[in-house]
Amino acid sequence: MYFNNTNDFFHGIMFHHFHDDKLHTRGQGSISQDDFYKLINFIGKKNILNADIFFEKLRKKKLKKNEVCLTFDDAIKCQIDIALPVLEDLNIKSFFFVYTSMFSDKPDNLEIFRYFRMNYFKNVEEFYESFYENVNENLENFFRHYKNEMEYKKIKSPHYSIDDIKFRFVRDLFLEKEKYEKLMFSLMKEKDFNPDEFYKKLFFSKQDLQDLDKLGHLIGLHSHNHPTLFEKLNYDQQKEEYKKTQQIISKILNKSPNEIKWMSHPNGSYNPETLEILNNLGIELGFKQIMKIEPEKGMKKINNSSLEIARENHSSIIKRMNK
Ligand SMILES: [Zn+2]
């Protein structure tokens, strides 16, 4: 049994990647269809609310401690191919939080890079090796400078290894987006990987969004470009990210923008301005992705506000199942 009254109070379970024996290869943090069934069983189906019921109960402040919902981030196709059949089989309606640059002519490369990293190297260590070769800088001072922040990140995201965290710091703070993308594209060229073939296979299509909506799942916001550190954007940039994505989603679903009232924070990153912007856009439910109190964000408790509902990562739950 997962729940107890001391430290396991959370309301969302967060899923990203699923693998099968076909297109969707096993990768860091991915789970199989079988694992997914087992996890639902472990949580207990009676504890899992449909997304619309979850939302109504939250609104009325009637959520019980053991009531959770399932959430899927990033509009990754494996969720449609592997997880959706399970949801339909068990009749569980969930939240899908999608970023929308993939529906424009300038899709974000996050998922492409991940696929490349997972499939064109023997393991993640080999990828990191090539990556640092290409960065070709002495990073000792950089790592020393960010030592405390990296340690804090490890506490917040225990499912990442130290190397994963170092990589993310170099990507986001040393290289930053433009240089990082340039480097990745040159690595992909070296390995003869052509990203164009993969957009369709790895991401949701507009049709997928419409189908999910018809089935009764709720589609929510997750920014337009999925910035790696949302909290570093200024007010206008943040506002543009959420306004734009709310408009795109509502247009695809043929709804009015203010009907989309739920979101999750990309990489769990936000600041007080983000919450104000979301409020102004009529968002009433927001998920973050860690089970820790972050005082620097003004948090006083877990599930600090209806825009900061905690979620547990599926891989942490699986680890406990297997204990
Ligand atoms: Zn995300």
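For this structure, a couple of remarks:
- Radius 12 Å from Cβ of residue 154, net charge of other residues (Lys, Arg +1; Asp, Glu -1): +2
- Taking the chain and dividing mean pair separation by its residue count, relative contact order in percent (alpha carbons under 8 Å, at least six apart): 21 percent
- Ranked 264, 161, 101, criterion: other C-beta atoms within 10 Å, fewest first: 161, 101, 264
- Region 230-290 - Debye-derived log10 I(q)/I(0), Cα point model, q = 0.23, 0.25, 0.28 Å⁻¹: -0.95, -1.09, -1.27
- Three-way shape label, the chain, alpha-carbon gyration tensor, a/c 1.5: rounded
- Magnitude of the charge dipole, region 204-320, Cβ model with Lys/Arg +1 and Asp/Glu -1, debye to 20: 300 debye
- Listed residue pairs exceeding 20 Å between alpha carbons, taken from 156/300; 239/288; 255/288; 156/232; 156/301: 255/288
- Dipole moment magnitude, nearest 20 debye, region 121-192 about Cα centre, only Lys, Arg, Asp, Glu C-beta charged: 280 debye
- Taking the Cα atoms of region 1-154, the ratio Rg/Rh between the radius of gyration and the Kirkwood radius comes to 1.04.
- Top of 44, 286, 268 by mean-square fluctuation, Gaussian network on the chain, Cα under 10 Å: 44
- Within the chain, helix-based [θ] at 222 nm, where runs of 4 or more DSSP H residues each add -39,500 (n - 2.57), nearest 500: -12500 deg cm²/dmol
- Surrounding net charge for residue 242, when Lys and Arg each add one and Asp and Glu each subtract one, Cβ distance under 13 Å: -1
- Selected from 158, 266, 227 as most flexible by GNM, with the chain as the system and alpha-carbon contacts under 10 Å: 158
- Using alpha-carbon coordinates, inclination of helix 110-119 to the longest axis of the chain, degrees: 60 degrees
- Residue 129/residue 62 FRET efficiency (R0 41 Å; Cβ-Cβ; nearest 0.05): 0.20
- nm² value of the averaged projected area, convex hull over the Cα atoms of region 121-192: 5.0 nm²
- Here the residues 82, 277, ranked from fewest to most Cβ neighbours within 10 Å of their Cβ, fall in the order 277, 82.
- Ranking of 311, 117 by neighbouring Cβ atoms within 10 Å, starting from the fewest: 117, 311.
- For residue 180, net neighbour charge (Lys/Arg +1, Asp/Glu -1) across residues whose Cβ lies under 10 Å away: 0
- Cα-centred dipole magnitude for the chain, charges only on beta-carbon of K, R (+1) and D, E (-1), debye, nearest 20: 1240 debye
- Once the Cα gyration tensor of region 154-222 is diagonalised, semi-axes √(5λ) in Å: 30, 22, 11
- Theoretical gain in end-to-end length, residue 273 to residue 37 [0.36 nm per residue, Cα-Cα removed]: 81.1 nm
- Relative contact order of region 1-125, taken over Cα pairs closer than 8 Å and 6 or more residues apart, is 28 percent.
Each value in this text was obtained by applying a stated rule to the coordinates, not by laboratory testing. Keep in mind that what you see is a predicted model, and the values were worked out from it rather than measured. Don't worry about glycine lacking a Cβ; one is built from the backbone with ideal geometry, like all the others, and counts go over all protein chains shown.
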